[in-house]
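Visitor: Dumping the structure here so I can ask a few things about it.
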Amino acid sequence: MSDALPQFYFRVRDNGAMVFRVDTENRQRRIELDQIAVINLNKGDIKPHGEHVLTPEEITEITNWMTARKETLATREIDDIHRTVDHLNLTAQWAQSRASDDQLDAVTDALLLAMHDLRLVLVRKKADRLLKG
């Protein structure tokens, strides 16, 4: 069983993770997780936990995980934007074909303000890109 487990476990949390060393080499043959560090992805910080001194191997594993995690989050972010486009299309179809007057009253102002804000940002950003290029 211990051969199939990774050496480190990363418990994801807001803006980073807690890093644990996976230990199965004990008398009870139980899986133990010993926290060795805390990661802040936004700042790029790796802070050892307690009195633990990180080894070069641990730092390498942690930085590799941080790189992969940032790539995963970036992929998810753009996927979320594509889903938002789909949701806007579905919302337009709902508003046109199925929404009642009461339902439309409940969401129209919030949707219009959010779409207006988004439009302003997109137009401004596109203008900036056109002026640069």
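Visitor: Run the numbers for Glu71 and Val123: contour at 0.36 nm per residue of separation, minus the present Cα-Cα distance, in nm.
Guide: Value of the extension gain: 16.0 nm.
Visitor: A further question follows. Rounded to two decimals, what is the ratio between the C-alpha radius of gyration of segment 10-54 and 2.2 N^0.38 Å?
Guide: Against the empirical 2.2 N^0.38 Å value, I get 1.30 for segment 10-54.
Visitor: A further question on this structure: Over the chain, what is the mean sequence separation of C-alpha contacts under 8 Å (at least six apart), divided by residue count, expressed as relative contact order in percent?
Guide: 11 percent
Visitor: Same structure again: Could you please rank Met115, Met18, Met66, placing first whichever residue has the fewest other Cβ atoms within 10 Å of its Cβ?
Guide: Exposure proxy ranking, most exposed first: Met115, Met18, Met66.
Visitor: On to the next question. If each residue of separation counts as 0.36 nm, what is the full-extension length gain between His52 and Gln7 once their alpha-carbon separation is subtracted?
Guide: Length difference between fully extended and current span is 14.6 nm.
Visitor: Another one. What residues have an amide H closer than 5 Å to that of His49, excluding those fewer than 5 places away on the same chain, when H is modeled at 1.01 Å from N in the peptide plane?
Guide: Ala37, Val38
Visitor: A follow-up question, please. At 0.36 nm per residue, minus the direct Cα-Cα distance, what do Asp80 and Thr108 gain on full extension? Give it in nm, one decimal, please.
Guide: Between Asp80 and Thr108, full extension yields an extra 7.8 nm.
Visitor: Another question, if that's okay. What list of ³J(HN,Hα) values in whole Hz, one per residue of segment 125-133 in order, does the Karplus curve 6.51 cos²θ - 1.76 cosθ + 1.60 (θ = phi - 60°) give from phi, with Gly and Pro shown as x?
Guide: 5, 5, 4, 4, 5, 5, 5, 6, x
Visitor: If each of Glu32 and Ile59 carries a label point 7 Å out from its Cα toward its Cβ, how far apart are those two points in nm?
Guide: 2.6 nm
Visitor: For Cα Rg over 2.2 N^0.38 Å, the listed values are [x] 1.18; [y] 1.67; [z] 1.12; which was obtained by calculation from the structure presented?
Guide: [y]
Visitor: In degrees between 0 and 90, to the nearest 10, how far off the longest principal axis of the chain does helix 56-97 point, with axes built from Cα atoms?
Guide: That works out to roughly 20 degrees.
Visitor: Which order do Ile78, Ile62, Ile39, Ile31 fall in if you start with the one that has the fewest other Cβ atoms within 10 Å?
Guide: Least crowded to most crowded, the residues run Ile78, Ile31, Ile62, Ile39.
Values in this text are rule-based calculations from the coordinates and carry no lab data. Since the model is a prediction, treat every value here as computed from it, not as a measurement. Neighbour counts are summed over all protein chains in view; Cβ atoms, including those assigned to glycine, are modelled from backbone coordinates with ideal geometry.
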